[in-house]
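Visitor: Here's a structure for you.
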Amino acid sequence: MVNSTTARSVPVSALSQFLAVSTIAGLVLAGLGIPAVGAAAAGADAGVEVFDALPAELDERELAQQSRMLSADGSEIATFYWQNREEVEFDDISQEMKDATVAVEDYRFYEHAGVDLQGIARAAVNNILSDSTQGGSTLTQQYVKNVLAQNAYEEDDAESFEDAIESDGAEGYTRKLREAKLAVAVENRYDKDQILHRYLNINNYSGSPNVYGVEAAAERYWGVAASELDLQQSATLAGIVQNPSAYNPERHPERTLDRRNTVLSLMHEHGFIDDEQYEEAREADLDLDIHTTPNGCAAAGGAAYFCDYVQRIIENDETFGDDRSERSHLLQRGGLTIHTTLDSDVQDIADDAVRSRVPADDASGAGHTAVTVEPGSGRVVAMAQNRDYTVTEAESSAQTQINYNVDRAHNGADGFQVGSTWKPFVLAQWLTEGNGLDGTVDATERNFPADAWRYGDCPAMGDEWDPSNAGDSDASPSMTALEATQQSVNTAFAAMGTQVDMCGVLDTATSLGITYGSGDPLDTADDEGFVPALSPASILGTVQVAPLDMASAFATFGADGEYCRPTAIDSITDADGEEVDVPSEDCEQVLDEDVAQGVAYAMSKTFDGGTTQGLEIGVPAAAKTGTTNFEVGSTSLAGFTRSLSTYVWTGDPERNRDWRSEGAGAVSGEVYGATVSGRTWQDIMKRAAAHTDGNTGFSDPRD
């Protein structure tokens with residue numbers, strides 16, 4: 001019997017709380033058909049209808065887990081997550097962690113059926129007679145609360161989230177009643193170990209930023225797996241759950257240490273550890289060893305732009321979902337393991353080459369990129385540019401998120417003028433129409449009238465044109481197609497252009513995967529009806545194309561006419577290890593084999609006294625330089641072996657300028673395809689060729 005002095009000292013709010021908790025207990029008992037005992041029994045029948053109206057099944061969804069992007073050799077490129085979590089099997093969690101959790105949260109967990117009447121009564125008495133507050137929720141009820149809060153948080157439903165965590169007033173008791181009913185449903189569905197397992201994987205274990213689930217927490221605080229958590233570490237994590245903000249060990253270590261020792265005391269009290277273990281553990285420090293799990297491509301180093309490209313593929317391609325939101329959800333929460341095509345060795349070579357030749361902060365302000373594709377498969381094995389990747393606003397011209405190697409849809413620019421690297425498409429059409437490498441044209445500099453061009457089924461875009469050669473050099477009145485390619489003679493290719501179907505050149509380039517950098521097909525007209533890829537000037541590369549598309553097109557010549565769409569993902573598995581569909585490379589024979597071999601052979605002769613003289617790489621290769629007019633001021637080199645096709649671009653991504661007058665830094669003076677871009681191409685291919693086999697060279701199709 002409580003004496004009158006004690007009774008008078010009990011606050012009205014505490015008495016109200018006692019009655020409310022008792023009522024809930026009665027409602028729970030009545031709703032479950034258990035004989036009612038105590039103060040709530042009288043009102044239980046009236047509450048049955050309320051209890052029955054509450055949900056009877058918990059909506060358990062897949063937990064958000066981090067996704068990992070890997071290179072072809074299995075090394076990690078980046079991680080992506082909405083919540084930093086990695087689910088782990090129950091057997092891969094230390095026994096100490098399981099014991100600590102049960103001891104502090106619900107030591108009668110293995111004895112009750114989801115709702116612990118002893119716990120409710122104990123909490124009620126404590127809350128009346130003490131200034132401290134205890135909850136009567138079981139571990140199962142707390143799991144239910146976590147699931148409800150997680151679902152609301154995932155849906156960005158603030159009202160439902162508040163409902164899930166509400167602990168005060170009538171709303172708080174309503175929540176507890178709902179939790180109680182759902183807890184019983186959970187207990188009927190899973191055994192005790194399964195419930196504890198799910199609880200340990202869903203919990204918020206604080207951190208800066210927060211970590212979710214015991215595996216990510218163990219990695220964050222000590223760099224160990226959940227299976228390796230010792231007694232002190234387990235007690236620390238188990239203590240955090242009560243209030244992840246207050247017991248953040250990175251921000252409040254002393255408070256967290258006190259909480260850990262409370263957990264150790266409970267483990268000792270309930271027989272999970274003996275006297276010696278308790279005394280030794282409570283004397284230990286937290287001994288944190290913080291390990292950061294970066295989120296996104298910003299931490300991918302030299303592979304950041306490749307990482308960004310893969311991210312955009314997943315976000316853009318319908319293979320991964322019906323809309324961008326669904327695809328992003330899959331990447332950020334799906335626990336994917338993304339096996340990419342990136343060759344770590346070649347990537348390191350490419351990144352070193354572009355940054356060494358034109359540093360990010362070079363006085364020229366020039367952008368410098370390289371992208372490498374594997375002929376016959378389309379696999380993108382390297383992608384580099386001389387900028388520092390950032391997802392925030394750039395602080396200088398040395399930083400950008402824009403990937404100069406790809407098209408606009410994949411977070412790129414609108415492509416860049418490709419210069420004379422367009423000429424092989426003209427040569428391919430020349431050969432397709434029955435002309436040979438020995439076929440001749442008049443390469444003298446002259447005016448080409450508007451009616452000199454043939455357009456077949458395409459709209460005529462011909463106009464009067466006066467092309468000239470680099471350095472205003474003269475050319476022979478009789479030059480073979482092979483010589484024209486070897487020396488990259490503009491006037492010779494202009495003459496070749498008058499003898500082929502310009503619509504056929506467009507179709508040939510299209511079959512090789514070429515589009516405008518904007519992503520529009522080559523036959524797209526502008527607002528005035530002009531189609532850039534059909535103009536006579538397109539022969540000299542005025543068309544703006546993404547470097548990746550050019551590397552893939554040239555890879556087709558190295559694969560005897562088989563075009564494969566660029567592919568950056570080999571395979572993906574989900575959190576359960578199941579295969580996820582990925583985009584196909586769609587390989588197709590688009591050029592006659594003899595035509596492809598003819599183009600490849602002609603470009604191989606550029607190393608023999610031609611425009612790529614001095615850029616040899618130690619194995620047979622074929623290449624073509626590209627230089628735009630100096631008002632545009634960019635250069636490129638496209639070249640390939642049987643195993644690698646690399647396109648290197650150099651230019652100002654922000655504006656067009658004449659580098660001869662404004663030149664500075666690494667790209668000062670006159671700039672041609674073989675000077676800056678060509679030297680970087682040589683650096684990459686000479687070193688990368690050592691990692692490949694089968695570089696047999698290109699035979700003369702005339703033999």
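Visitor: Could you count how many residues in segment 209-224 are assigned to a loop (DSSP other than H, G, I, E, B), touching an Asp or Glu at 6+ places or on another chain (Cβ under 7 Å) and over 10 Å from residue 84 (Cα atoms)? Don't jump to the end; show me each part of the working.
Guide: Residues of segment 209-224 that are assigned to a loop (DSSP other than H, G, I, E, B), as a first pass: 209-210, 213, 223-224.
With the extra rule that they be touching an Asp or Glu at 6+ places or on another chain (Cβ under 7 Å), the set shrinks to 213, 223.
In the following step, the residues that additionally are over 10 Å from residue 84 (Cα atoms) were identified as 223.
Residues flagged as assigned to a loop (DSSP other than H, G, I, E, B), touching an Asp or Glu at 6+ places or on another chain (Cβ under 7 Å) and over 10 Å from residue 84 (Cα atoms) within segment 209-224 amount to 1.
Visitor: Here's something else I'd like to know. Can you pull out every residue in segment 236-255 that is touching a Phe, Trp or Tyr at 6+ places or on another chain (Cβ under 9 Å), within 16 Å of residue 103 (Cβ to Cβ) and in a loop (DSSP other than H, G, I, E, B)? Lay out the reasoning, then the answer.
Guide: So the first thing to find is which residues in segment 236-255 are touching a Phe, Trp or Tyr at 6+ places or on another chain (Cβ under 9 Å), and the list is 236-237, 239-241, 244, 249-250, 255.
Cutting the leftovers down to within 16 Å of residue 103 (Cβ to Cβ) gives us 236-237, 239-241.
Across segment 236-255, the qualifying residue is only 241.
Visitor: So, one more: Check segment 158-165 and report whether any residue there is at pLDDT 80 or above and either surrounded by 16 or more Cβ atoms within 10 Å (Cβ to Cβ) or within 22 Å of residue 113 (Cβ to Cβ) (or both). Talk me through it step by step, then tell me what you get.
Guide: Filtering segment 158-165 down to residues at pLDDT 80 or above leaves none.
No, segment 158-165 has no match at all.
Visitor: Have a look at 227, 234 and point out the one that is touching a residue at least 60 places away in the same chain (Cβ under 8 Å), small (Gly, Ala, Ser), out of contact with any strand residue (DSSP E or B) (no Cβ under 9 Å at 6 or more places or on another chain) and surrounded by fewer than 24 Cβ atoms within 10 Å (Cβ to Cβ). Explain how you work it out, then say what you get.
Guide: Details: 234 fails: surrounded by fewer than 24 Cβ atoms within 10 Å (Cβ to Cβ).
Only one candidate qualifies: 227.
Each row is one residue, and each column tells you yes or no for (1) of a type in the set (Val, Ile, Thr); (2) in a loop (DSSP other than H, G, I, E, B); (3) at pLDDT 95 or above.
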residue: 538; (1), (2), (3): no, no, yes
residue: 576; (1), (2), (3): no, yes, no
residue: 603; (1), (2), (3): no, no, yes
residue: 632; (1), (2), (3): yes, yes, no
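Visitor: Related question: Considering each residue of segment 86-117, count those that are outside any helix (DSSP H, G or I) and closer than 30 Å to residue 336 by Cβ, and give that number. Let's see the steps before the verdict.
Guide: Narrowing segment 86-117 to residues outside any helix (DSSP H, G or I): 86-89, 93-94, 106-116.
Of the ones still in play, those that are also closer than 30 Å to residue 336 by Cβ are 86-89, 93-94.
Here the count works out to 6.
Visitor: What is the one condition in (1) at positive phi; (2) crowded, with 21+ Cβ neighbours inside 10 Å that residue 74 does not satisfy?
Guide: Among (1) at positive phi; (2) crowded, with 21+ Cβ neighbours inside 10 Å, the lone unmet condition for residue 74 is (2).
Visitor: Say we look at segment 270-282 and pick out the residues that are in contact (Cβ under 8 Å) with a residue 40 or more places away in the chain and surrounded by fewer than 17 Cβ atoms within 10 Å (Cβ to Cβ); which of these is nearest to residue 221 (Cα to Cα)?
Guide: From segment 270-282, those in contact (Cβ under 8 Å) with a residue 40 or more places away in the chain are 270, 272-273, 277, 281; that's our starting set.
Okay, now just the ones that are also surrounded by fewer than 17 Cβ atoms within 10 Å (Cβ to Cβ), so 270, 277.
Values: 270: 27, 277: 22 Å.
So the residue we want is 277.
Visitor: Quickly run through segment 200-219 and pick out the residues that are among the hydrophobic types (A, V, I, L, M, F, W, C) and surrounded by fewer than 24 Cβ atoms within 10 Å (Cβ to Cβ). Spell out how you get there, then give the answer.
Guide: Just the residues of segment 200-219 that are among the hydrophobic types (A, V, I, L, M, F, W, C), to begin with: 200, 202, 211, 214, 216-218.
Of everything in segment 200-219, just one residue is among the hydrophobic types (A, V, I, L, M, F, W, C) and surrounded by fewer than 24 Cβ atoms within 10 Å (Cβ to Cβ), namely 202.
Visitor: Scan segment 317-340 residue by residue and report those that are under 19 Å from residue 584 (Cβ atoms) and within 12 Å of the chain's Cα centre (by Cα).
Guide: Those that are under 19 Å from residue 584 (Cβ atoms) and within 12 Å of the chain's Cα centre (by Cα): 327, 330, 336, 338, 339, 340.
Visitor: When you scan segment 584-599, do you find a residue that is surrounded by 24 or more Cβ atoms within 10 Å (Cβ to Cβ), part of a helix (DSSP H, G or I) and in contact with a Lys or Arg (Cβ under 7 Å, 6 or more places away or on another chain), even just one?
Guide: Looking through segment 584-599, none of the residues is surrounded by 24 or more Cβ atoms within 10 Å (Cβ to Cβ), part of a helix (DSSP H, G or I) and in contact with a Lys or Arg (Cβ under 7 Å, 6 or more places away or on another chain).
Visitor: Additional query: Just to be sure, is residue 281 outside any loop (DSSP other than H, G, I, E, B) and closer than 19 Å to residue 104 by Cα? Write out each step before concluding.
Guide: Working: outside any loop (DSSP other than H, G, I, E, B): yes; closer than 19 Å to residue 104 by Cα: yes.
Against the criterion (outside any loop (DSSP other than H, G, I, E, B) and closer than 19 Å to residue 104 by Cα), residue 281 qualifies.
Visitor: Is there any pair linking a residue in segment 553-578 that is closer than 23 Å to residue 516 by Cβ and surrounded by fewer than 22 Cβ atoms within 10 Å (Cβ to Cβ) to one that is at pLDDT 95 or above and among the hydrophobic types (A, V, I, L, M, F, W, C), with Cβ under 8 Å and at least six apart or on different chains, and which?
Guide: Once the first residue is closer than 23 Å to residue 516 by Cβ and surrounded by fewer than 22 Cβ atoms within 10 Å (Cβ to Cβ) and sits in segment 553-578, its partners that are at pLDDT 95 or above and among the hydrophobic types (A, V, I, L, M, F, W, C) give 565/587.
Visitor: Right, here's the next one. Among the residues of segment 529-541, are any of a type outside the set (S, T, N, Q), within 22 Å of residue 634 (Cβ to Cβ), exposed (fewer than 15 other Cβ atoms within 10 Å of the Cβ) and within 44 Å of the chain's Cα centre (by Cα)?
Guide: yes
Visitor: Find the residue count for segment 491-528, including only residues that are assigned to a helix (DSSP H, G or I) and surrounded by fewer than 23 Cβ atoms within 10 Å (Cβ to Cβ).
Guide: The first filter runs over segment 491-528 and keeps only residues assigned to a helix (DSSP H, G or I), leaving 491-498, 502-511.
Still in the running and surrounded by fewer than 23 Cβ atoms within 10 Å (Cβ to Cβ): 498, 503-504, 507, 510-511.
Number of matching residues: 6.
Visitor: Return the pair list, or none, for Cβ contacts closer than 9 Å from residues in segment 444-469 that are under 18 Å from residue 491 (Cβ atoms) to residues that are acidic (Asp, Glu) and in a helix (DSSP H, G or I), at least 6 apart or on different chains.
Guide: From segment 444-469, the pairs are 445/472; 462/451.
Visitor: Can you tell me how many residues in segment 266-312 are modelled with pLDDT under 95 and among the basic types (Lys, Arg)?
Guide: 0
Visitor: Continuing with the same structure: With respect to residue 263, determine if the residue is in a helix (DSSP H, G or I), in contact with a Ser or Thr (Cβ under 7 Å, 6 or more places away or on another chain), crowded, with 19+ Cβ neighbours inside 10 Å and of a type in the set (Val, Ile, Thr).
Guide: Working: in a helix (DSSP H, G or I): yes; in contact with a Ser or Thr (Cβ under 7 Å, 6 or more places away or on another chain): no; crowded, with 19+ Cβ neighbours inside 10 Å: yes; of a type in the set (Val, Ile, Thr): yes.
Considered against the rule, which asks whether it is in a helix (DSSP H, G or I), in contact with a Ser or Thr (Cβ under 7 Å, 6 or more places away or on another chain), crowded, with 19+ Cβ neighbours inside 10 Å and of a type in the set (Val, Ile, Thr), residue 263 comes out as no.
Visitor: State all residues of segment 616-646 that are in contact with a Leu (Cβ under 9 Å, 6 or more places away or on another chain), surrounded by fewer than 24 Cβ atoms within 10 Å (Cβ to Cβ) and either without any contact (Cβ under 8 Å) to a residue 24 or more places away in the chain or of a type outside the set (S, T, N, Q) (or both); if no residue qualifies, say none. Talk me through it step by step, then tell me what you get.
Guide: Going through segment 616-646, the residues in contact with a Leu (Cβ under 9 Å, 6 or more places away or on another chain) turn out to be 621, 623-626, 628-629, 637, 639, 646.
Among the residues that remain, those that are also surrounded by fewer than 24 Cβ atoms within 10 Å (Cβ to Cβ) are: 628-629.
Within segment 616-646, just 629 meets the criteria.
Visitor: Cβ-Cβ distance below 7 Å, separation of 6 or more or different chains: which pairs start in segment 75-88 with a residue that is among the basic types (Lys, Arg) and end on one that is outside any strand (DSSP E or B)?
Guide: Hits for this filter: 85/63; 85/64; 85/66; 85/213; 85/216.
Visitor: Would you be able to say whether some residue in segment 437-450 is within 30 Å of residue 521 (Cβ to Cβ), at pLDDT below 95 and in a helix (DSSP H, G or I)?
Guide: yes
Visitor: Additional query: Kindly indicate which of 322, 258, 287 is of a type in the set (D, E, K, R), part of a loop (DSSP other than H, G, I, E, B) and at negative phi. Working first, answer last.
Guide: On the way: 258 fails: part of a loop (DSSP other than H, G, I, E, B); 287 fails: at negative phi.
When all the criteria are applied, what remains is 322.
Visitor: Got a number for residues in segment 367-388 being of a type in the set (Ser, Thr, Tyr) and either at positive phi or buried (at least 24 other Cβ atoms within 10 Å of the Cβ) (or both)?
Guide: Within segment 367-388, the subset of a type in the set (Ser, Thr, Tyr) is 369, 372, 377.
Those still in the list that are either at positive phi or buried (at least 24 other Cβ atoms within 10 Å of the Cβ) (or both) too: 369, 372.
Residues flagged as of a type in the set (Ser, Thr, Tyr) and either at positive phi or buried (at least 24 other Cβ atoms within 10 Å of the Cβ) (or both) within segment 367-388 amount to 2.
Visitor: Return the total of residues in segment 399-429 being assigned to a loop (DSSP other than H, G, I, E, B) and more than 12 Å from residue 653 (Cβ to Cβ). Let's see the steps before the verdict.
Guide: Going through segment 399-429, the residues assigned to a loop (DSSP other than H, G, I, E, B) turn out to be 401-402, 404-407, 411, 413-415, 418.
Now narrow it down to the ones that are more than 12 Å from residue 653 (Cβ to Cβ): 401, 406-407, 411, 418.
Residues meeting the conditions: 5.
Visitor: Exactly one of (1) touching a Phe, Trp or Tyr at 6+ places or on another chain (Cβ under 8 Å); (2) acidic (Asp, Glu); (3) free of Cβ contacts under 8 Å to residues at least 40 places away in the same chain is unmet by residue 285. Its number?
Guide: Residue 285 satisfies every listed condition except (1).
Visitor: Which number in (1) part of a strand (DSSP E or B); (2) within 18 Å of the chain's Cα centre (by Cα); (3) closer than 21 Å to residue 652 by Cβ marks the one condition that residue 382 misses?
Guide: Result: residue 382 fails condition (3) only.
Visitor: Right, something else. Can you report the number of residues in segment 334-379 which are farther than 22 Å from residue 312 by Cα, of a type in the set (Lys, Arg) and in contact (Cβ under 8 Å) with a residue 60 or more places away in the chain?
Guide: Selection size over segment 334-379: 1.
Visitor: If I ask for residues that are within 30 Å of the chain's Cα centre (by Cα) and assigned to a loop (DSSP other than H, G, I, E, B), which ones from segment 663-692 would you list?
Guide: The one that is within 30 Å of the chain's Cα centre (by Cα) and assigned to a loop (DSSP other than H, G, I, E, B): 692.
Visitor: Only residues that are among the small types (Gly, Ala, Ser), in contact with a Ser or Thr (Cβ under 6 Å, 6 or more places away or on another chain) and under 16 Å from residue 566 (Cα atoms): list them for segment 371-394, please. Please lay out each step first, then the result.
Guide: Start the filter on segment 371-394 by keeping residues that are among the small types (Gly, Ala, Ser), which leaves 376-378, 382, 384, 394.
If we keep only those that are in contact with a Ser or Thr (Cβ under 6 Å, 6 or more places away or on another chain) too, we end up with 378, 382, 394.
Matches in segment 371-394: 378, 382.
The values are calculated or read from the model by the stated rules, or taken from the named source; none is laboratory data. If you're wondering where the values come from, they're calculated on a predicted model, not measured in any experiment. As a convention, Cβ positions derive from the backbone with ideal geometry for all residues, glycine included, and neighbour counts pool all protein chains shown.
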